[in-house]
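*Asks:* Structure below; questions to follow.
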Amino acid sequence: KAGVTQTPRYLIKTRGQQVTLSCSPISGHRSVSWYQQTPGQGLQFLFEYFSETQRNKGNFPGRFSGRQFSNSRSEMNVSTLELGDSALYLCASGKTGGAEKLFFGSGTQLSVL
Amino acid sequence: DQQVKQNSPSLSVQEGRISILNCDYTNSMFDYFLWYKKYPAEGPTFLISISSIKDKNEDGRFTVFLNKSAKHLSLHIVPSQPGDSAVYFCAAQYNNNDMRFGAGTRLTVKP
């Protein structure tokens, strides 16, 4: 069974640009969550999608958005990039998004110059 | 708001000894708790979990203890091995809400 796949693995952008990250969950999983990891800040929750609907949202500005497709694949978009957006972005999938363990991808390392 | 807190950024132990990683939470609604392990340049991997109806869960060398009244949980690793060196994240969740993570504790096990 394939794990959670995130693309691209690394990304370098400049301030003001926008970026789209992709996540393919484990087959059969309908919940996809996105997290931002920065040194010393742990994993900060961005949002969670279940069956194409955003079910939960963290405390991030509107520049951060996402969507989920009918095949459960998800994309995350960040517009007007800032230097502080440099981080490891992690995607996690779960069957229901309820009280269950999540499976994480290897992440996309975004560097904003 | 940091609802899940890991107050020790790092921990160093000798191989063969016990490692104890601590986690505190503030939201009494949390009813499911997990520990994840993370190596550099990889995503976190699930280690062990515990439901709020229990106070202990054991899986091989790993045991998680939950003290609901103190809103505290801990992960014990016995005996510690050099391969256990990683960052450990505590996480908590309730119902269909998002999973909240602590800031992580970097464990170093010295040979």
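*Asks:* Is it the case that some residue within segment A:6-13 is within 28 Å of residue B:32 (Cβ to Cβ) and either out of contact with any helix residue (DSSP H, G or I) (no Cβ under 7 Å at 6 or more places or on another chain) or touching a residue at least 60 places away in the same chain (Cβ under 8 Å) (or both)?
*Replies:* Yes, that holds for at least one residue.
*Asks:* Considering segment B:10-38 alone, what residues qualify as being buried (at least 18 other Cβ atoms within 10 Å of the Cβ) and within 14 Å of chain A (Cβ to nearest Cβ)?
*Replies:* Hits for segment B:10-38 are B:21, B:23, B:24, B:25, B:30, B:32, B:33, B:34, B:35, B:36, B:37, B:38.
Matching residues to (1) polar (S, T, N, Q); (2) touching a Phe, Trp or Tyr at 6+ places or on another chain (Cβ under 7 Å); (3) at pLDDT 95 or above:
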site: A:73; (1), (2), (3): no, no, yes
site: A:82; (1), (2), (3): no, no, yes
site: A:96; (1), (2), (3): yes, no, no
site: A:99; (1), (2), (3): no, yes, no
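*Asks:* Output the residues belonging to segment A:27-84 that are of a type in the set (A, V, I, L, M, F, W, C), part of a loop (DSSP other than H, G, I, E, B) and either more than 20 Å from residue A:12 (Cα to Cα) or within 12 Å of the chain's Cα centre (by Cα) (or both).
*Replies:* The answer is A:60, A:69.
*Asks:* Let me ask something else. Looking only at segment B:53-110, filter to residues that are more than 14 Å from every other protein chain (Cβ to nearest Cβ) and under 16 Å from residue B:2 (Cβ atoms); which one of those is surrounded by the most Cβ atoms within 10 Å (Cβ to Cβ)?
*Replies:* B:73
The values are calculated or read from the model by the stated rules, or taken from the named source; none is laboratory data. This is a predicted model, so every value here is computed, not measured. Positions of Cβ are backbone-derived with ideal geometry, glycine not excepted, and every protein chain shown enters the neighbour counts.
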